[in-house]
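In what follows, a structure is listed as structure tokens, so that the remarks can point back to it.
The values are calculated or read from the model by the stated rules, or taken from the named source; none is laboratory data. What you are looking at is a predicted structure, and each value in this text was computed from that prediction instead of being measured. Virtual Cβ from ideal backbone geometry, glycine too; neighbours counted across all protein chains shown.
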Amino acid sequence: MAERFYWCEQCERTVVSEDGEATACTICGGPTRRISWLTAALRKVGMGTGNRSDIQQRHIQLIQAIWTADGMGQRYFEICQPGSMYYSRFVRRVNELICQGIEEGWLGLTMPKNPLDPQGRYAIEYHDPERFVTALQQIFPEGAGRLAARETRDVRHEEKV
Ligand SMILES: [Zn+2]
């Protein structure tokens, strides 16, 4: 049984349930709602063992590695022209967007069951390129207006790690 993650609004903490049952907050007893592992990893609050959050951190780094591979990160950076923003910060911001897209289902993520598997296959698929472009335009209104949806339509980032 895969462990599930819940969020306690009261103490703003991630609660992990090993048996997959909805659970009250183990700290304050408050109500919790289910969140995905991505949200849990992005919030990085109150995670259990260091080991678990290391694995999730690795997932996020891998997602970043997938879409920035082969100079694509630089290409997005040039197209979006994020003003005075440093490349590293740009990458972090777009990565957040991509994680959000995966959670909301307009981007697809293929990943191995075991994130530590060296043969694991990771891929990001743009189910809804228009939506991705629109979101980029909202974040980077100066440059991303020139980013046409066709830029992403045929792009399928894939990487073996
Ligand atoms: Zn709580």
For the condition more than 14 Å from the ligand (Cβ to nearest atom), at pLDDT 70 or above and small (Gly, Ala, Ser), what is the one hit in 36, 17? 36
Within the stretch 83-90, can one find any residue that is at positive phi, away from the ligand (no atom under 16 Å from the Cβ) and at pLDDT 75 or above? yes
Which one of the conditions (1) more than 10 Å from the ligand (Cβ to nearest atom); (2) modelled with pLDDT of 80 or more does residue 50 fail to meet, given that it meets all the rest? (2)
Of the residues in the stretch 122-136, those that are within 18 Å of residue 69 (Cα to Cα) and either part of a loop (DSSP other than H, G, I, E, B) or touching a residue at least 40 places away in the same chain (Cβ under 8 Å) (or both) come to 122, 123, 124
Matching entry among 116, 109, 97 (being at pLDDT below 85, outside the structural domain of residue 35 (by TED's automatic domain parsing) and not in a loop (DSSP other than H, G, I, E, B)): 109
Which residue is farthest from the ligand (Cβ to nearest atom), if the candidates are limited to the stretch 20-33 and must be touching a Phe, Trp or Tyr at 6+ places or on another chain (Cβ under 8 Å) and modelled with pLDDT under 80? 22
When you check residue 139 against the structure, is it modelled with pLDDT of 85 or more and in contact with a strand residue (DSSP E or B) (Cβ under 9 Å, 6 or more places away or on another chain), yes or no? no
